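Take a look at the structure set out below.
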Amino acid sequence: THQIFMNGIPKVETVQLTTRHIAHWQPTEDEYVLDVSVVVHDYDGSLDIDSVFFQIPAWDFNRVLARGLDSESYSGVYFNDVFGNYAFPEIQGELMQFQCKDKSGLLGPIFQSQVSRLIISTPQTLSPAGLTTVDSLPVFRWSHFDAGFMVEYKVDIFRLDESAFPLHMLSSPVLADTTLRWELDTPLANARYYWTLSVYDRYENMSVSREASFIVESS
């Protein structure tokens with residue numbers, strides 16, 4: 001008898017596309033990010049996967065995704081400046097294609113997907129802000145984010161020191177869209193800080209406010 005080896009076709013099984021819109025005071029240009037996460041499968045084993053390709057055909061954009069710690073997962077992070085003359089806010093609705101290639105050079109079927117949403121508006125913080133001085137347990141307040149769809153909030157607090165590199169101190173739990181304030185229960189040390197407010201939709205797309213600075217001074 002003779003054994004015949006049948007090469008399994010590599011296949012993209014799932015694709016997750018999420019967008020981030022991050023506002024800054026400096027630089028003044030907002031930052032946009034596309035996060036790509038792909039799970040693949042090959043009947044010959046995950047080590048038979050050679051490459052996973054990511055394309056936006058209309059934009060002539062082609063990239064090879066990076067292999068993750070899990071040998072069947074691949075990912076990529078793409079900032080707005082990699083898309084050349086194409087404006088990132090136009091990415092919603094653009095057809096995206098994903099395809100695997102195995103070690104023998106066999107290409108699997110094309111998997112097509114699209115970004116579900118890009119949140120163009122940014123949330124607005126209220127207080128503390130403008131380097132105001134507060135005690136060690138400040139209350140963070142913000143305006144209602146009128147997105148037209150369900151969102152959730154999250155507060156992130158960063159400490160500023162002589163190194164000029166912000167140190168992430170802590171985050172709030174995920175807060176319902178009816179919540180407009182959050183109070184710390186862990187005291188902050190005397191220092192200079194800033195905080196940001198993020199909004200998330202049900203698909204994990206997000207938009208982040210500009211930094212709101214404050215100083216903690218308590219006896």
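Given the convex hull of the Cα atoms of region 72-161, what is a quarter of its surface area in nm²?
Details: hull surface 45.0 nm².
Result: 11.3 nm².
Carbon and sulfur atoms: what percent of the 1.4 Å accessible area of the chain do they account for?
Result for the chain: 52 percent of the exposed heavy-atom area is carbon or sulfur.
Distance from a point 7 Å along Cα→Cβ of Ser219 to each backbone N in region 164-193: keep the residues under 17 Å and list them by number.
Flagged as within label range: 190.
Given labels modelled 7 Å from the Cα in the Cβ direction, how far is it in nm from Arg67 to Arg192?
4.6
Roughly speaking, what is the stretch gain from Gln112 to Thr133, that is 0.36 nm per residue apart minus the C-alpha to C-alpha distance, in nm to one decimal?
2.4 nm
Averaged per residue, what accessible surface does the chain expose to a 1.4 Å probe, in Å²?
So the chain comes to 56 Å² accessible per residue, rounded to a whole number.
Just flag the GluC sites (Glu not before Pro) in region 106-196 sitting in loop per DSSP whose Cβ has no more than 14 other Cβ atoms within 10 Å.
Listed in order of number, the matching sites are Glu162.
Which whole-number value in Å³ per residue fits the convex hull of the alpha carbons of region 7-80?
Given the Cα convex hull of region 7-80, per-residue volume reads 104 Å³.
DSSP loop trypsin sites (Lys or Arg not before Pro) in region 81-181 with at most 13 other Cβ atoms within 10 Å of their Cβ, which ones?
none
Distances over 22 Å make up what percent of all Cα-Cα pairs in region 118-219?
The share of Cα pairs beyond 22 Å in region 118-219 comes to 28 percent.
How compact and how long is the chain, expressed as Rg and Dmax of its alpha-carbon atoms in Å?
Expressed in Å, the Cα Rg and Dmax of the chain come to 22.2, 87.
For the ranges 9-16, 70-77, 202-209, what's the packing order if you count other beta-carbon atoms within 10 Å of each residue, average per peptide, and put the highest first?
Highest to lowest by the protection proxy: 202-209, 9-16, 70-77.
Where both residues lie in region 82-219, what percent of DSSP beta bridges are antiparallel, nearest 5?
Antiparallel: roughly 90 percent of the beta bridges in region 82-219.
Considering Cα pairs under 8 angstrom that are at least six residues apart, work out the relative contact order of region 5-136 and quote it in whole percent.
RCO, region 5-136: 29 percent.
The values are calculated or read from the model by the stated rules, or taken from the named source; none is laboratory data. Because the structure is predicted, anything quoted here is derived from the model rather than measured. Cβ sites come from the backbone with ideal geometry, for glycine too, and all protein chains shown count toward neighbours. Ligands, DNA and RNA are stripped out before the accessible areas are found, and what is left, the full protein with its side chains, is counted by its heavy atoms. Shrake-Rupley method; radii C 1.70, N 1.55, O 1.52, S 1.80 Å.
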